[in-house]
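One structure below.
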Amino acid sequence: MKGRILVRLPNANIIDVTHDVSVYWPAEAGFWLKRAYHYFPAGTLHLAIVDPGVGTSRGIVAVKVPGHTFLAPDNGLLAPIVASQPAAVIHRVEIDAVIQKFGLSHPSATFHGRDIFAPLGAEIASGRATLADLGPQVRDIVPSPVADPVESGGHVTGVIIAIDHFGNLISNIDERLIRSLSNPVVQIGEHRLRLRRTYGDAAVGELLALVNSFGVVEIAQTQGSAAAALRMSRGQSIRVSQS
Amino acid sequence: MKGRILVRLPNANIIDVTHDVSVYWPAEAGFWLKRAYHYFPAGTLHLAIVDPGVGTSRGIVAVKVPGHTFLAPDNGLLAPIVASQPAAVIHRVEIDAVIQKFGLSHPSATFHGRDIFAPLGAEIASGRATLADLGPQVRDIVPSPVADPVESGGHVTGVIIAIDHFGNLISNIDERLIRSLSNPVVQIGEHRLRLRRTYGDAAVGELLALVNSFGVVEIAQTQGSAAAALRMSRGQSIRVSQS
Amino acid sequence: MKGRILVRLPNANIIDVTHDVSVYWPAEAGFWLKRAYHYFPAGTLHLAIVDPGVGTSRGIVAVKVPGHTFLAPDNGLLAPIVASQPAAVIHRVEIDAVIQKFGLSHPSATFHGRDIFAPLGAEIASGRATLADLGPQVRDIVPSPVADPVESGGHVTGVIIAIDHFGNLISNIDERLIRSLSNPVVQIGEHRLRLRRTYGDAAVGELLALVNSFGVVEIAQTQGSAAAALRMSRGQSIRVSQS
């Protein structure tokens, strides 16, 4: 992918945000992208490719929000960004047309990242192509494979949507959703945890919950891996309630 | 390595192609390099270092094909590129001489990547050195540690030469070798698999075979890891025959 | 982190030295940094963040040695560099003041790498800030969590401080400490190993000891992983003595 980007945009500054995401479940990549993109400079083009449907009839979408442009399979990956940005403009990529228009000769059926996303990204990042050149504006994209958290009866229920390098279990429950709880308790499996401020506020080896640096509820183990300690993975249910 | 490159070539654009290859078997690195190098811009210098013989009497070779230059241990890593490019020019690096000529003071016996390959690569990429400055042109390099696929009696037999991030088992059988088979069947271990076009053409969890985006026969598991499912690794035999 | 660096320093050349270090034990990161920094160009700003105390009262320090500047949590990570460089100048970062001065609005309690280190690093690397702008010069930093090797009765005793991509067990025993031994033998667990020059000097699968390319005693297994073969990890004791 990087070679094909550099061929079309020799001075591209290419940053790998992460390769350590679930490879067949676009929800985790979508989470990180939505929570991280705004730290990048205005004008950044973000390629986000978790693509189990590559080569099938799944679509490709381009999304523009102020300062940032995104290109991804239309499989729910970009849904969190669109949902959070009323100004988001969505274009459906006309794949056969762009293959012709931009000379993407003979794309493979199994690696559109290299054969379609990379060269299209270079065309957009270089300013040679606009989203209108890729295809028509549309109103909807495929929704996220993960439902938004549910608020009911004083509880907020969500799921673990990401696991980081440290084994922290990261949920999709935004701190805004629990702000009304004066004394929140986080329940995951058999564990009930009070919110702390940072990892060092618990003893080494202790489980804790906190609102993390991406603004969502997280389960951690001080100087350890919560994912390993709890043997839990992505999709695990998590609930926050008044104690 | 990157530090030493930047010291000699401050504006180097350094791309990591992969670190996820077999570390003592140059065949996998050679496979990826041969199948990926041509996606990079003309003028690229490729360093490829899988080097179990570092510090012994093994040699170093530089290879030039139109648009691309390669520097690697002479252990078979570059053999696939040389075999596929009639125009390839090979130079044997005179190690003691280049240490003097390019000021590579006191190279270690265990990390030539940093102490020899990186600075030499910077000298070549900068245009300050040509292959002739490294050593004499030669006709042969050490052959690949993996034999080419064998065609016999309507079968083509090869080996798994690479495993990717998804656990796909990638063979050295190029699609050209099976083009004459009207109805090819791939056999690996006890499994006999028909060729599909892409991963999504099989059910989730199903094993499949396909010609992948690098033009070779691959065994995959839809939304899973074929390497884990089959407990197979590099070197495993694979055969394609008429069904 | 890279996004926040690029926002303040768009032409930053960002190199990842490693992410494969112990995440809660600053000693390994400190080892690699001290043994690698001098390979980078003069003027490099090194960010080194292994930070189990993030968000607690732990401090942040900036260190300047000729040609290189370092920014890290004050948890012993930079102690090896300071100990090895008599010319090292240390500044204690006044965290609340720099948050104001450099507009680091609302840093999180759990990811100072992104919220404090990255933007401060960009300010220093750009030349807009000097260490004096971060806080007062001080004389001491927190010492390393690992004691220096001990020389006693003809023995030198140290610990395994790093494990590399190959599974090599890398000690903190510098070759200077064993130079007086005419016939050194390395003892780790039940194993007694003579020093070799390089990996290929032992048979495939054999354990060996050598002085590695970073100038310290290392235990390796030829074409294998010493860490896996010996089931040993960081902190393991190792001793070198006259045979």
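The values are calculated or read from the model by the stated rules, or taken from the named source; none is laboratory data. What you see is a predicted model; the values in this text were computed from it and never measured. Please note: Cβ atoms are built from the backbone with ideal geometry, for glycine as well, and neighbour counts cover all protein chains shown. Note: accessible area is taken over every heavy atom of the protein model, side chains too, but ligands, DNA and RNA are not part of it. Shrake-Rupley method; radii C 1.70, N 1.55, O 1.52, S 1.80 Å.
Side notes on the structure shown:
- Between copies, the label points at A:ARG139 (set 7 angstrom from Cα along Cα-to-Cβ) are spaced 7.3, 7.3 nm, reported in nanometres from shortest to longest.
- Total accessible area lost when C and A pair, probe 1.4 Å, Å² to nearest 100: 1600 Å²
- Normalised contact order of region B:1-62, rounded percent, pairs of Cα under 8 Å and 6 or more residues apart: 29 percent
- Dimensionless Rg ratio for the protein assembly as shown, taking C-alpha atoms and the 2.2 N^0.38 Å reference: 1.01
- For a label point 7 Å along the Cα-to-beta-carbon line of C:ALA83, residues of region C:208-243 with backbone N under 16 Å: C:215-217, C:235-238
- Multiplying each eigenvalue of the alpha-carbon gyration tensor of region C:103-226 by 5 and taking the square root yields semi-axes of 41, 19, 13 Å, largest first, rounded to whole angstroms.
- Fraction of alpha-carbon pairs over 16 Å apart in region B:191-243 - percent: 40 percent
- Dipole magnitude of chain A about its Cα centre (Cβ charges: Lys, Arg +1; Asp, Glu -1), debye to nearest 20: 220 debye
- For region C:77-125, carbon and sulfur atoms together expose 53% of the accessible surface, with a 1.4 angstrom probe and every protein chain in place.
- Each of C:ALA29, A:SER84, C:ALA227 was scored by the projection of its Cα onto the charge dipole of the protein assembly as shown, and the greatest displacement toward the positive side belongs to A:SER84; charges sit on the C-beta of Lys, Arg, Asp and Glu.
- Long-range HN-HN contacts of C:HIS46 with modeled amide H, under 5 Å: C:THR69, C:PHE70, C:LEU71
- Rg over Rh, two decimals, region C:151-198 (C-alpha only, Kirkwood Rh): 0.95
- J(HN,Hα) series, region C:38-45, from Karplus relation 6.51 cos²θ - 1.76 cosθ + 1.60, nearest Hz, glycine and proline x: 6, 7, 8, x, 4, x, 5, 9
- Rounded Å value of the spacing that divides the Cα centres of region B:8-52 and region B:80-101: 15 Å
- With semi-axes defined as the square roots of five times the eigenvalues of the C-alpha gyration tensor, the equivalent ellipsoid of region A:24-146 measures 20, 17, 13 Å, largest first.
- In the context of the full set of protein chains, the protein assembly as shown has a per residue accessible area of 44 Å² (1.4 Å probe).
- Equivalent ellipsoid semi-axes, region A:79-157, via Cα gyration tensor eigenvalues times 5, rooted, Å: 33, 15, 11
- Translational D in µm²/s for region A:1-41 (Stokes-Einstein at 20 °C, 1.002 mPa s, Kirkwood Rh from C-alpha pairs): 179 µm²/s
- Relative contact order for chain A, counting Cα pairs under 8 Å that sit 6 or more residues apart, in percent: 18 percent
- Calculated [θ] (222 nm, deg cm²/dmol) that DSSP helices of n ≥ 4 give over the protein assembly as shown, each run adding -39,500 (n - 2.57): -5000 deg cm²/dmol
- Note that chain A shows a convex hull volume over its alpha carbon atoms of 137 Å³ per residue.
- On the principal axes of its alpha-carbon atoms, region B:121-169 has extents of 50, 32, 15 Å, going from largest to smallest.
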